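J.: Please read through the structure below; I'll follow up with questions.
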Amino acid sequence: MGPQKQGVYTLTVNDLLLPNVKQWNMRVLCDLFDYSVVRDILRVPLAEVVQEDCLVWKEDVNAPTRVKHLIWRICSDCLPSKTAGLLDILSPRLQTFHDIKSLILDICTKEDRKTAGRVAVMLEGLWKNRNDFVWHNEKEDASKLGWLAFHRLQEWFLAQNLPETNSDIRDLVIWNPPSFGCLKFNVDVAFNQRVGTTNHGWCIRNDHGDFVAAGTAWDNCTFSVLEAEALAIKEAIQSATTLHNIPVIFESDSQQVVKALSSSSSGNSEFYLIIKSIKLLLLEFPNFEVKFIKRQANMVAHTLDKAVNS
């Protein structure tokens, strides 16, 4: 935004960074730009693996429109006859609403529970199909998505009528200590929309489950969920490099990030640049391992990041 101070127009992005460090210079940013622009700049994650300028994919502004077209195709051509009524429910809404969020909200507030469930299962199938394509380059055609959504919903309704028994209704998920001689590093992130920060919490415990160390930190911006989870793991690995070759297991409740780290897939996005940085760190420290853990067993790190702004 202009006009700017004299001499600013000769600066490059490199002048906004700390000397010899991939980190934004807050003093310079705040001196040159207003608060909203500074926040936008801070949302750009800086990866050490990037040595030259490159164009990266951020978001596709046409994605909601394409999703609406795919929903229309599934409902009109591919769903089984028992779910064909969804077309009557969605058809007028697809013409009225310009974003998926508003469409879902309208259905959930105006339709009955069963109808909303049918739509939800279909959208979940779309989302899973999208993730399978992003991470594994695999995807199903629209006709199969329709059948899968129909049968999954039927199975769910049947499951609701099953009698409860005295046996375990669900598996108890707890945190388990690492193997002998190892440390376990639990990591989690949270967002504070009120102050606009991305919070990190982490805790290290040994093979007896004893506390070793813990910490919290925050970034003065809100990254995307996947970028934030990946950055938290990256920072945890970097901080653990001083542990003198002790085997460390890093646990995160972000299954998508952990899958991306174990996948050979790559891309030219900000998220994949962070993933690439983590993979390089893991190659440098082969005694480090990143695993997925369910949220119920990651509550220590989760509680820490929730307390960052307290």
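J.: For the range 282-292, give me the residue count where each residue is of a type in the set (D, E, K, R) and in a helix (DSSP H, G or I). Walk me through it before giving the result.
T.: So the first thing to find is which residues in the range 282-292 are of a type in the set (D, E, K, R), and the list is 284, 289, 291.
Adding the requirement that they be in a helix (DSSP H, G or I) leaves 284.
Adding up the residues that qualify gives 1.
J.: Restricting to the range 211-226, what's the tally of residues that are open to solvent by 70 Å² or more (accessible area, probe 1.4 Å) and not in a strand (DSSP E or B)?
T.: 2
J.: What tally of residues in the range 194-216 results from selecting those that are in contact (Cβ under 8 Å) with a residue 40 or more places away in the chain and closer than 14 Å to Leu42 by Cβ?
T.: 3
J.: So, Glu229, is that one out of contact with any Phe, Trp or Tyr (no Cβ under 6 Å at 6 or more places or on another chain), assigned to a helix (DSSP H, G or I) and either open to solvent by less than 50 Å² (accessible area, probe 1.4 Å) or at pLDDT 90 or above (or both) or not?
T.: Details: out of contact with any Phe, Trp or Tyr (no Cβ under 6 Å at 6 or more places or on another chain): yes; assigned to a helix (DSSP H, G or I): yes; either open to solvent by less than 50 Å² (accessible area, probe 1.4 Å) or at pLDDT 90 or above (or both): yes.
It is true that Glu229 is out of contact with any Phe, Trp or Tyr (no Cβ under 6 Å at 6 or more places or on another chain), assigned to a helix (DSSP H, G or I) and either open to solvent by less than 50 Å² (accessible area, probe 1.4 Å) or at pLDDT 90 or above (or both).
J.: Restricting attention to the range 221-237, does a residue exist that is closer than 24 Å to Ala47 by Cα and without any contact (Cβ under 8 Å) to a residue 24 or more places away in the chain?
T.: Keep residues of the range 221-237 that are closer than 24 Å to Ala47 by Cα, which gives 221-237.
Applying the additional criterion that residues be without any contact (Cβ under 8 Å) to a residue 24 or more places away in the chain yields none.
Taking every residue of the range 221-237 in turn, none turns out to be closer than 24 Å to Ala47 by Cα and without any contact (Cβ under 8 Å) to a residue 24 or more places away in the chain.
Rundown of residues vs (1) closer than 20 Å to Asn186 by Cβ; (2) within 17 Å of the chain's Cα centre (by Cα); (3) not small (Gly, Ala, Ser), yes/no style:
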| site | (1), (2), (3) |
| --- | --- |
| Asp219 | yes, yes, yes |
| Thr222 | no, yes, yes |
| Leu226 | yes, yes, yes |
| Glu229 | yes, yes, yes |
| Ile237 | yes, no, yes |
| Asn245 | no, no, yes |
| Lys259 | yes, yes, yes |
| Tyr272 | no, yes, yes |
| Ser277 | no, yes, no |
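J.: Can you tell me which residue is nearest to Ser239 (Cα to Cα) among those in the range 161-210 that are at pLDDT 85 or above, open to solvent by 50 Å² or more (accessible area, probe 1.4 Å) and over 28 Å from the mean Cα position of the chain (by Cα)?
T.: Top of the filtered list is Asp210.
J.: Can you work out which of the residues in the range 14-25 that are without any contact (Cβ under 8 Å) to a residue 24 or more places away in the chain and not in a loop (DSSP other than H, G, I, E, B) is surrounded by the fewest Cβ atoms within 10 Å (Cβ to Cβ)? Break it down into steps so the answer makes sense when it comes.
T.: Narrowing the range 14-25 to residues without any contact (Cβ under 8 Å) to a residue 24 or more places away in the chain: 14-15, 18-21, 23-25.
From the residues that got through so far, the ones that are not in a loop (DSSP other than H, G, I, E, B) too are 14-15, 24.
Values: Asn14: 8, Asp15: 11, Trp24: 19.
Top of the filtered list is Asn14.
J.: Every residue in the range 293-307 that is open to solvent by less than 20 Å² (accessible area, probe 1.4 Å) and in a loop (DSSP other than H, G, I, E, B), please. Reasoning before the result, please.
T.: At the first step, the residues of the range 293-307 found to be open to solvent by less than 20 Å² (accessible area, probe 1.4 Å) are 293, 297-298, 301, 305.
The answer is Ile293, Asn298.
J.: Within the range 257-281, how many residues turn out to be open to solvent by 80 Å² or more (accessible area, probe 1.4 Å), part of a helix (DSSP H, G or I) and in contact (Cβ under 8 Å) with a residue 40 or more places away in the chain?
T.: The qualifying residues number 3.
J.: Would you check which residues across the range 129-155 are farther than 27 Å from Ala260 by Cα and modelled with pLDDT of 75 or more and list them?
T.: Leu153
The values are calculated or read from the model by the stated rules, or taken from the named source; none is laboratory data. Because the structure is a prediction, the values reported are computed rather than measured. No Cβ is skipped: glycine too gets one built from the backbone with ideal geometry, and neighbour counts run over all protein chains shown. Only protein heavy atoms, including side chains, enter the accessible area calculation; ligands, DNA and RNA are left aside. Shrake-Rupley method; radii C 1.70, N 1.55, O 1.52, S 1.80 Å.
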